[in-house]
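Worksheet: one structure, shown below.
The values are calculated or read from the model by the stated rules, or taken from the named source; none is laboratory data. Keep in mind the model is a prediction, meaning the values are calculated, not measured. Neighbour counts run over all protein chains shown; Cβ positions are idealised from the backbone, glycine included.
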Amino acid sequence: THTQRVEELDAIVRYAHRAGHQLGVHITGDHGIDAVVDAFEAAQTDAPRPDARHYVIHGDFASPRSLATLARHGWGINMNPGVKDAIADLMDGIVGPERSAYQWPVRSASEAGIPVTASSDAPITYPDWRRGVASMMLRESKASGRPSGPEQCVDLETAIRAYTSNAAWQDFAESWKGSLERGKVADICVVDGDLAHADPHEIATMPVAMTVFDGEIVHDAR
């Protein structure tokens, strides 16, 4: 039954939380996401832990209530912007235009105070951060070019942080990666163009001029 499944979820989360693990739970759909976030909170209440950094993976229909709870406890959410523009028109017919427009509410999550991260969900979409950044800024259907939930668009800085500093934070690795600072690992992708001022439609096709991994140049297109 539904109650038994929720109880089992709560028990699993509570066990892992008490053991000191960070939980990253793959879940989609509003009720499922609410159940996971509620399980996080119940485990935290039962065994308080500072800075556990649990996070929801996908979080496509994360409710305002769940977003507020994640933010309040300093937990995260990892979203898939490339999937959004791939299935926007399809989802209109499945859940209706209003709910479809809300899917992957990156701006709501960010404004709630959650350090949003982003991933491709490969092989569902191609693992290319440029496409993910453009998708978060535009939220345009690949099939029709129609905007889907433009009120959930974010600026370039928010989108970039989802792949850099926020992603490092999610990994408990912000002390050594995620930003360009002396003493941190140099994992850098350099694009050929003015990323800061580019039309978001151009970002996905900006050529990669150089890739640096751990301080070593591993790709140089010059």
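For this structure, a couple of remarks:
- Selection status of residue 125, of a type outside the set (Phe, Trp, Tyr), surrounded by 19 or more Cβ atoms within 10 Å (Cβ to Cβ) and at pLDDT below 95: yes
- Test: residue in the range 45-57 that is farther than 26 Å from residue 91 by Cβ, at pLDDT 95 or above and assigned to a helix (DSSP H, G or I): yes
- The numbered conditions (1) modelled with pLDDT of 95 or more; (2) over 21 Å from residue 13 (Cα atoms); (3) in contact with a helix residue (DSSP H, G or I) (Cβ under 7 Å, 6 or more places away or on another chain) are all true for residue 79 except (2).
- Which listed residue is closer than 19 Å to residue 170 by Cα, in a helix (DSSP H, G or I) and not charged (D, E, K, R), from 31, 17, 26: 17
- When 12, 87, 94, 33 are checked against the criterion of being among the β-branched types (Val, Ile, Thr) and in contact with a strand residue (DSSP E or B) (Cβ under 6 Å, 6 or more places away or on another chain), a single residue qualifies: 33.
Conditions (1) over 17 Å from the mean Cα position of the chain (by Cα); (2) part of a helix (DSSP H, G or I); (3) surrounded by fewer than 19 Cβ atoms within 10 Å (Cβ to Cβ), marked per residue:
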position	(1), (2), (3)
36	no, yes, no
43	yes, yes, no
62	no, no, no
67	no, yes, no
82	no, yes, no
111	no, yes, yes
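- The single condition among (1) modelled with pLDDT of 95 or more; (2) more than 20 Å from the chain's Cα centre (by Cα) that residue 140 does not satisfy is (2).
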